[in-house]
Amino acid sequence: MEYTVEQIATKVGGVVKGEYRGVVRGIGALDKAGEGNLSFLGNKKYRDQVTSSVASVILLPEDYEGDPREGQAYLFVKNPSMALAVICKEVEAAMFQTMRPGIHALAVIAATAAVSNEAYVGPFCSVGEGSVIGKGTVLRSHVAVGNFVKIGHNTTLMPHVSVYDYSEIGNGVLIHSGAVIGSDGFGFETVNGVHEKVPQIGRVCIEDNVEIGANTTIDRARFDTTRVGRGSKIDNLVQIAHNVQIGKGCIVAGQAGISGSTTLEDYVVLAGQVGLAGHINIGAQVVIGAQSGVNHDIPAKTLVRGTPAVPYMQAQRIDVIKLKLPELYKRLQAVEQKTGLTRPL
């Protein structure tokens, strides 16, 4: 695919400064892009790389001050990362095959299943009794859909996704390879030294426009519903336990784990490797920093990190004090020696 500067500007808007008369044939980072490449400044920490970049076209924020070199064009836009996404979306559509509606000869569809004539079911997929597959939905290959599952319109399940019985998946959902929707919740009661399994008879509901990463697991509820709200995005290798309630527009990054019956209100952000205990409530618009452990409710619009998680600035001060502990210990020893007031630590 090739783009002129004018074509890019038409697609993403913005103001052009400088001149590049060639075509763009590739995309690269500021420090790696070459002639004929498109690049962007999406993070201010890379601002110093703009002047040294040899990319032919660079997407820049509107407040950037500077001039392009000869034969180079700057394109000033409101959000360079989203502007690049517009171009990448077109490239992605050209790269990946669009599946035509139909059922592959190697797919197995139960007689009582209802698969739209406008859906695609790929090789080695199975669709169980009473399940419904909406129009425009794509099951790529080796997708296992259990009994009485409902999948909406324009949803895509990548290879080796497993959807257990009675799960519900909305419209415009994307689920990546290896994800498991509706597996048993982890529930046991110890009786006379034996871990007795507690039946998990609920279901999972994935609302519209959710994305679920590869090898993520969402357990069905012990009873009622485990729910992921509209527009939420879940990364790879995430564990969501039984009866968890995730609100709309939440972000859950890789290797995070959410224990049973915990609630995330709308637009919560969990960074990588965050662990949440069970039966707690995370308020709307809370942000939890990477590798944090949370065992208590967090009020709305709070930024926390650490284990146990505390407000962000408090965590920063604690880290500074930790670095000083060896020095403080030596000073304490010196005081004890002078005063004779010693006690074992």
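Take residues that are in contact with a strand residue (DSSP E or B) (Cβ under 8 Å, 6 or more places away or on another chain), polar (S, T, N, Q) and farther than 30 Å from LEU139 by Cα and tell me which of the strands (runs of 3 or more DSSP E) falling wholly in region 4-109 contain 1 or more.
It comes to 37-40.
Set side by side, the residues ASP266, ASP224, ASP235, ASP219 differ, and just one is surrounded by fewer than 17 Cβ atoms within 10 Å (Cβ to Cβ) and either more than 19 Å from the chain's Cα centre (by Cα) or of a type outside the set (A, V, I, L, M, F, W, C) (or both), which is ASP224.
Quick one: which residue in ILE181, ILE251 is under 26 Å from HIS160 (Cα atoms), surrounded by fewer than 21 Cβ atoms within 10 Å (Cβ to Cβ) and either in contact with a strand residue (DSSP E or B) (Cβ under 6 Å, 6 or more places away or on another chain) or of a type in the set (D, E, K, R) (or both)? Spell out how you get there, then give the answer.
Details: ILE181 fails: surrounded by fewer than 21 Cβ atoms within 10 Å (Cβ to Cβ).
Only one candidate qualifies: ILE251.
Scanning region 231-271 for residues that are closer than 15 Å to LEU303 by Cα and either outside the structural domain of ALA221 (by TED's automatic domain parsing) or in a loop (DSSP other than H, G, I, E, B) (or both) yields CYS250, GLU265, ASP266, TYR267, VAL268, ALA271. Pairs meeting the criteria (first residue in region 113-124 and modelled with pLDDT of 95 or more and outside any strand (DSSP E or B), second residue surrounded by fewer than 16 Cβ atoms within 10 Å (Cβ to Cβ) and among the small types (Gly, Ala, Ser), beta carbons under 9 Å, at least 6 apart or on different chains) are ASN117/GLY102; ALA119/GLY102; PRO123/ALA105.
I need the full set of residues from region 108-128 which are more than 30 Å from the chain's Cα centre (by Cα) and surrounded by 10 or more Cβ atoms within 10 Å (Cβ to Cβ), in order please.
VAL108, ILE109, ALA110, THR112, ALA113, ALA114
Among VAL204, VAL138, VAL143, which is the only one that is touching a strand residue (DSSP E or B) at 6+ places or on another chain (Cβ under 8 Å), more than 22 Å from GLN97 (Cβ to Cβ) and buried (at least 19 other Cβ atoms within 10 Å of the Cβ)? Just one listed residue meets the conditions, VAL204. Determine, yes or no, whether VAL86 is surrounded by fewer than 19 Cβ atoms within 10 Å (Cβ to Cβ), closer than 17 Å to LYS32 by Cα and not assigned by TED's automatic domain parsing to the domain that holds CYS125. So VAL86 fails the test. Of the residues contained in region 179-202, none is found to be in the same structural domain as ILE246 (by TED's automatic domain parsing) and under 20 Å from LYS135 (Cα atoms).
Matching residues to (1) surrounded by 13 or more Cβ atoms within 10 Å (Cβ to Cβ); (2) charged (D, E, K, R):
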| residue | (1), (2) |
| --- | --- |
| VAL15 | no, no |
| GLY28 | yes, no |
| SER39 | yes, no |
| LYS44 | no, yes |
| GLN49 | yes, no |
| ASP63 | no, yes |
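Within region 205-239, being more than 20 Å from GLY272 (Cα to Cα) and in contact with a Cys (Cβ under 7 Å, 6 or more places away or on another chain) holds for THR225, ARG227.
Taking GLY136, is it of a type outside the set (A, V, I, L, M), on the phi > 0 side of the Ramachandran plot and more than 25 Å from the chain's Cα centre (by Cα)?
Details: of a type outside the set (A, V, I, L, M): yes; on the phi > 0 side of the Ramachandran plot: yes; more than 25 Å from the chain's Cα centre (by Cα): no.
In short, no.
The values are calculated or read from the model by the stated rules, or taken from the named source; none is laboratory data. None of these values were measured; they are calculated from a predicted model. So basically every Cβ, Gly included, is an ideal-geometry build from the backbone, and we count neighbours across all protein chains shown.
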